[in-house]
Amino acid sequence: MQIIKRSAGRSVVAASAYRAGEKLHDDRQDITHDYRNRTGVEHKEILLPDNAPEWCRGIDRQRLWNEVEAGEKRRDAQTARELRIMIPRELDPATRISLVRDYLNRSFVSKGMVADVCWHNKVASDGQEQPHAHVLLTMRPLAAEGFGLKSRHDWVPDPEGRTHPDGRPVMVVSNNRSWNSPDYFEQCREDWENLANTALERAGVEDRIDRRSLLARGLARLPEPALRLAWYLNDLYGVMKERFGQFQVARHFRSVEQSAKSAFNKMDQSPAGADTAAETSERFFGWFERQIARLEPAPRETPPTISHELER
């Protein structure tokens, strides 16, 4: 989860355009963001609460997020919350869409949030597909004339009077159902774990996902780092090496061709060209074959065989 905020120079209209692969105009900044050439977007939709007011029924992305931007007056305003949901690749495409939609309606939309969700798929670092969803959630609930007040919480001393060893009171969240509450977000992660594992069980897959860290699960091993861009760079490096090798071969043969033309030109211009033509051609083609042999891979050395006579 991450927050889209103006203090970081971000625009929620631009974020929505990029994730949906669409062309959207940001009224606040008077900038058009065009990402229609983007690939990998498999499905997209906007989810509204059942009791959504009439003004937002059938709303599109451009109007939705421009309404959000217009409702925030502060220069450091937080305009949206983004979730990145990794979907088990073992599920078929239709199940992936229904699973994420069901999860968002249960955990967020039913509480008054609007969800702008885009299902993506690309190649993962192991060479297989990587289905996932990007979800932009409104920070304020829908109201009759726009958006209402944000769901907030404060840190207050523990009502049970717990303290730290140095005497400081233990601070707890005043409203653990606040949309910004760590407890609420952890509950949402648990809900996704349960729904995804239920879907895997229905699909006959034995593997399960677990939101907990390796340490919390009692596993004494280091986590594997996510390759992400490094995998693509490594793949690109291999392609570059192959293309560079092709370039070197082409340049070498071009040099051979130029040498051949020069040799034959000299032979034609020589007074004794007819007498030495056979010798020159033989020398040239012998040299030419040696150049080709240089480009061939070296043969593997075979171990010497020992005759039975020598063994005896």
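Annotations
- Residue order for F185, F108, fewest other beta carbons within 10 angstrom first, comes to F185, F108.
- Residue exposure sequence - I87, I59, I209 - by fewest surrounding Cβ within 10 Å: I209, I59, I87
- Take the Cα of D27, step 7 Å toward its Cβ, do the same at L222, and the gap between the two points is 5.2 nm.
- Label-to-label distance for D34 and R89 is 3.4 nm, based on points extended 7 Å past Cα in the beta-carbon direction.
- Residues with amide H under 5 Å from that of R10, placed H, sequence gap 5 or more: K5
- Rounded to the nearest Hz, the phi-derived 3J(HN,Hα) couplings of the range 97-102 under the Karplus curve 6.51 cos²θ - 1.76 cosθ + 1.60 (θ = phi - 60°) are 5, 5, 5, 5, 4, 5, where x marks glycine and proline.
- Distant-in-sequence amide H partners of V114 (H built 1.01 Å from N, under 5 Å): T138
- A P(r) calculated from all alpha carbon pairs of the range 101-168, with 10 Å bins opening at zero, reads 15, 26, 21, 21, 15, 1 percent.
- Extension gain, V170 to L215, is 13.8 nm, computed as 0.36 nm per intervening residue step minus the present C-alpha separation.
- Neighbour counts of C-beta atoms inside 10 Å place V170, V68 in the sequence V170, V68, starting with the fewest.
- Backbone amide hydrogens, once placed in the peptide plane, bring W179 within less than 5 Å of S151, excluding anything fewer than 5 places away on its chain.
- Phi angles across the range 187-192 convert, under the Karplus curve 6.51 cos²θ - 1.76 cosθ + 1.60 with θ = phi - 60°, into 3J(HN,Hα) values of 5, 5, 5, 5, 4, 5 Hz, Gly and Pro given as x.
- Computed across the range 2-149, the Kirkwood hydrodynamic radius from all distinct Cα-Cα pairs reaches 15.9 Å.
All of the numbers you see were taken from the coordinates with simple rules; none came from a lab. For clarity, every value in this text was computed on a predicted model and none was experimentally measured. Here Cβ is always computed from backbone atoms with ideal geometry, including for glycine, and neighbour counts include all displayed protein chains.
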